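Written out below as structure tokens is the structure these notes cover.
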Amino acid sequence: MSRHTQSAYSRDLKRLTAHCDGLGVEAWRDLDAHRARTFIMHLHKSGLSGRSIQRALSAARSLYRYLIRERVAANNPFAGIRAPRSEKRLPAALTVDQVSLLVAVQAKDLLALRDRAIMELLYSSGLRLSELIGLDLAHLDRRQALVRVRGKGGKTREVPVGRLALRAINDWLAQRERLTGNDEPALFITRRGGRMTPRGVQQRIKYWGNRQGLDVSVHPHALRHSFASHLLESSGELRAVQELLGHANISTTQVYTHLDFQHLAKVYDQAHPRAKKKP
């Protein structure tokens, strides 16, 4: 699992340990289903979202599968417990005009060249931030206009790179050697010549959002959301968008159909003579 997931599971299990201490449960084998449910109730009352509670349940179930395998516990008290449902939040997508304004960076220095290439690639290919950070020079096929990315669960996929993104990447690569030698494999590097960090990319995209005058907060995942919603809006090809995004389950991709419906509903309200609201 990713470091982010490991860190989150660690926090969840510390919460579980503290809860067991409060109940006087001294050994993992002594935790029963009733008291396991009180842990979930405690998380819910403390204000955690349904998604966060579901993650805590996954951590607890994984722990008990390990304990049962090691014969430290006889059963899994979390096996039949479900997390409360949480309201599904629709992804925040930029408009086409907002994306165009964001990537219209006047690249007068190395970092601006790099940042424009990053933003163009995120929007062109719908990459996750972790996938972008993990890209090496060897993963990019400029002749075929493809990039090979390593997604969740270690799964790899190839996605196309758009014409404008490829041009921005070529502009960056023409100057990249000024920051590093030939021993750094990362496609995108810092001023000091090392691989960029997730936080570094987030800060740079936020910087350009403010610099370009956007009236919304911009982050890397917003460009991925924009890629998916704009592509689905134009094509209606849900399965194709699923493949490009690297979603294992199509239900994850279906959230963008709601975004598409919002667009259609807005057009309907503005255009249909019997739908217009009276002032």
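The numbers here are math on the coordinates, done by the rules we state, and not lab data. The structure presented is a predicted model; accordingly, all values stated were derived computationally and were not measured. Neighbour counts run over all protein chains shown; Cβ positions are idealised from the backbone, glycine included.
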Spin-label point model (7 Å from Cα, Cβ direction): what's the L238 to S100 distance in nm? 3.0 nm
Region 3-69, dipole about Cα centre (Lys/Arg Cβ +1, Asp/Glu Cβ -1), debye to the nearest 20: 340 debye
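Place the peptides 118-125, 5-12, 216-223 in order of packing, highest mean first, counting for every residue the other Cβ atoms within 10 Å and averaging per peptide.
Working: 118-125: 25.0, 5-12: 14.8, 216-223: 18.8.
Ranked from most to least packed, the peptides come out as 118-125, 216-223, 5-12.
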Taking +1 at the Cβ of each Lys and Arg and -1 at the Cβ of each Asp and Glu, which of L111, V159, L101 sits farthest along the dipole of the chain towards its positive end, judged by Cα position relative to the Cα centre? L101
Could you tell me how many degrees, from 0 to 90 and to the nearest 10, lie between the Cα long axis of helix 3-23 and the main elongation axis, the longest principal axis, of the Cα atoms of the chain? 20 degrees
As I understand it, the value is the acute angle between the Cα axis of helix 50-69 and the longest principal axis of the Cα atoms of the chain; what does it come to in degrees, rounded to 10? 60 degrees
Could you sort 159-168, 198-207 so that the peptide with the highest average Cβ count within 10 Å comes first and the rest follow in order? 159-168, 198-207
Give me the dipole magnitude in Debye, nearest 20, for the chain about the Cα centre, with unit charges on the beta carbon: positive for Lys and Arg, negative for Asp and Glu. 460 debye
Helix 110-125: angle to the longest alpha-carbon principal axis of the chain, degrees 0 to 90, nearest 10? 70 degrees
Here the Cα Rg-to-2.2 N^0.38 Å ratio for the chain is 1.24
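Please say if region 3-69 is rounded, prolate or oblate, where rounded means a/c under 1.5 for a ≥ b ≥ c the square roots of the C-alpha gyration tensor eigenvalues, and otherwise the choice is prolate for a/b larger than b/c and oblate otherwise? It would help to have the intermediate numbers written out before the result.
Values: a/c = 1.73, a/b = 1.13, b/c = 1.53.
Oblate, since a/c reaches 1.5 and b/c is not below a/b.
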Can you give the extra length, in nm with one decimal, that the chain gains between S49 and E26 once fully stretched, where that is 0.36 nm per residue apart less the Cα-Cα distance? 5.5 nm
Name all residues of region 128-159 having a backbone nitrogen under 20 Å from the label point set 7 Å from the Cα of E177 along its Cα→Cβ direction, giving them as ranges. 136-143
Can you show me the helix-derived [θ] at 222 nm for the chain, built from DSSP H runs with n ≥ 4 at -39,500 (n - 2.57) apiece and divided by the number of residues, rounded to the nearest 500. -17500 deg cm²/dmol
